[in-house]
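**Q** Got a structure here, written out as structure tokens. Questions coming.
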Amino acid sequence: MVGRDIMDNYMIVNHYCRKAETYRKIDEIDGAPIELNKLYLNADLKILTGLIEPHFYAGYSGGRKALLPGISSYETMKFMHSFDIIDHPQVRNCLLEGNPFHEYGIRVTELAGAHFILNVVINKQREITGVFAGHYNDAHLAGCEMVYRHCTDQVDERVDMVITSGGGYPLDSTFYQISKAMIAARDILKKGGTIVVACECREGLGSPEFCGILTSVCSPQDFFDGYCDPKDFVMDQWCAQSIYQALNHAGKVYVYSPGLSEADLEKTGAIKIENVQETVDQLLESHASVVAIPDGPYVVGICQRS
């Protein structure tokens, strides 16, 4: 990832959120400990790197996310990805003001310190199109403004059907990541509308924990009832929560995925299809307003009237 020259000449440390001896508490938020990696906290020079793109929780990736949850403890991550945080109406794509996921990140970055950030924006060919360096918040906001200009589109009102994708390889390697496309579709979809999503999922559903969630419930309400209590928190439940939020909003969700079987999707309520074009052709007869998002979560529709 960093290249041979850097690997041979610099110490590289992977952060493990469950190793208590590697992090230190610096704050509490709503009773939850905010704990970060001690190597970073003790460093004389602190530089954050990252990629800025739409993010369905933080508004945008990059900047403060390198710390929270990037090098945070498991307990901190549990708080930042709790049922209540993910359920917050301001936790959404391309929104910073009033978004607790973003605002907690800024608060923790102020406490932990960050001398400098170097963030980039890329295009669909994965080429760098913008470089944003400097103050951890000011430079990040400048990058977010660029992303907003190029990665959002205005929709006059909610539509009957959204046709989308998982964003292509490597993002759509697992169904776990399809939550990002599903939430972007939900946010411009009428209640009871239809979502059609194409995703490869060459690695299947996702982690064992995520698979366990999908097989343990039979409906969105089952999930909401079973995982709303912090005491029942399970790793990876946040993306399952986003998927069930979209399923709960939509009337039907059709999934084209060579990597998934009908059994994989059975308990989610999603419908596996074998041909996207045939399905869309049939659905167009009963859906008056339709939006297509070929690049999935990389393009965010902004609805003028909810």
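**Q** Let me have the relative contact order for the chain, percent, based on Cα pairs under 8 Å that are six or more residues apart. Could the numbers behind the result be given before it?
**A** Details: 595 pairs, mean separation 55.3, N = 306.
Relative contact order comes out at 18 percent.
**Q** Past 27 Å, Cα to Cα: identify those pairs from K191/K267; K180/K231; K65/K191; K231/K267; K78/K180; K25/K46, in the order given.
**A** Checking Cα-Cα distances, K65/K191 exceed 27 Å.
**Q** Please report, in whole Å, how far the alpha carbons of segment 76-186 spread along each principal axis, starting with the longest.
**A** Sorted largest first, the three principal extents are 45, 36, 32 Å.
**Q** Packing-wise, with mean Cβ within 10 Å as the measure, how do 281-294, 137-150, 1-14 rank, highest first? Spell out each step's value before the answer.
**A** Numbers: 281-294: 13.3, 137-150: 17.6, 1-14: 7.6.
By packing density, highest mean first, the sequence is 137-150, 281-294, 1-14.
**Q** Among F101, I29, F132, pick out the residue whose Cα is farthest towards the positive end of the charge dipole of segment 4-150, where Lys and Arg carry +1 and Asp and Glu carry -1 on C-beta, about the Cα centre.
**A** Of the listed residues, the answer is F132.
**Q** Sticking with this one: So which DSSP H runs in the chain come out at 15 Å plus along the axis (Cα) with average Kyte-Doolittle of at least 0.0?
**A** Numbers: long enough: 100-112 (17 Å, -0.12); 138-151 (19 Å, -0.08); 237-249 (18 Å, -0.45).
Qualifying helices, which must be both long enough and hydrophobic enough, do not occur.
**Q** Then there's this: Sum up the charges of everything whose Cβ sits under 14 Å from the Cβ of A292, counting Lys and Arg as +1 and Asp and Glu as -1, but leave A292 out. Don't skip to the answer; put the middle values down first.
**A** Values: positive: none; negative: D153, D160, D281, D295.
Charge balance in the 14 Å sphere: -4.
**Q** Reachable aspartates and glutamates from K190, Cα under 19 Å, same-chain residues fewer than 8 places away excluded?
**A** Leaving aside aspartates and glutamates fewer than 8 places away in the same chain, those within reach of K190 are D87, D153, D156, E157, D160, E285.
**Q** Give the relative contact order (percent, whole number) for segment 1-148; include only Cα pairs under 8 Å separated by 6+ residues.
**A** Relative contact order of segment 1-148: 23 percent.
**Q** May I ask you to evaluate 6.51 cos²θ - 1.76 cosθ + 1.60, the Karplus curve with θ = phi - 60°, for each residue of segment 78-83 and list the ³J(HN,Hα) values in order in whole Hz, giving x for glycine and proline?
**A** 4, 5, 5, 10, 5, 4
**Q** Determine, for each peptide in 120-130, 88-98, 51-61, 16-26, the mean count of other beta carbons within 10 angstrom over its residues, then list the peptides with the highest first. Please list the in-between numbers first.
**A** Working: 120-130: 12.3, 88-98: 16.5, 51-61: 23.4, 16-26: 14.4.
Listed from highest to lowest mean packing, they are 51-61, 88-98, 16-26, 120-130.
**Q** Taking 7 Å along the Cα-to-C-beta vector as the label spot, tell me the Y74-D153 distance in nanometres, rounded to one decimal.
**A** Output for this residue pair reads 4.3 nm.
**Q** Which far-off residues, 5 or more places away or on another chain, put their amide H under 5 Å from the one on L51, with H placed in the peptide plane?
**A** Here G62, V120 satisfy the definition.
**Q** On to the next question. Search the structure for amide H atoms under 5 Å from the amide H of Y256, placed 1.01 Å from N in the peptide plane, and list their residues when 5 or more places away or on another chain.
**A** Those lying under 5 Å, H to H, from Y256 are V197, A198, C199, I273.
**Q** Another question, if that's okay. I want to verify a result. In a Gaussian network model of the chain, Cα cutoff 10 Å, which of these has the top mean-square fluctuation: A240, A43, A198?
**A** A43
**Q** Between segment 143-216 and segment 229-252, how many Å separate their Cα centres?
**A** Each part's Cα centre sits 13 Å from the other's.
**Q** Further question: Cα centroid distance between segment 119-140 and segment 48-67, in Å?
**A** About 10 Å separates the Cα centre of segment 119-140 from the one of segment 48-67.
**Q** Taking the Cα centre of each part, how many Å lie between segment 87-114 and segment 1-31?
**A** Result: 21 Å between the Cα centres.
Since every read-out is calculated from the coordinates, none of them should be taken as a lab result. From a predicted model like this one, the values you see are computed outputs, not experimental measurements. Positions of Cβ are backbone-derived with ideal geometry, glycine not excepted, and every protein chain shown enters the neighbour counts.
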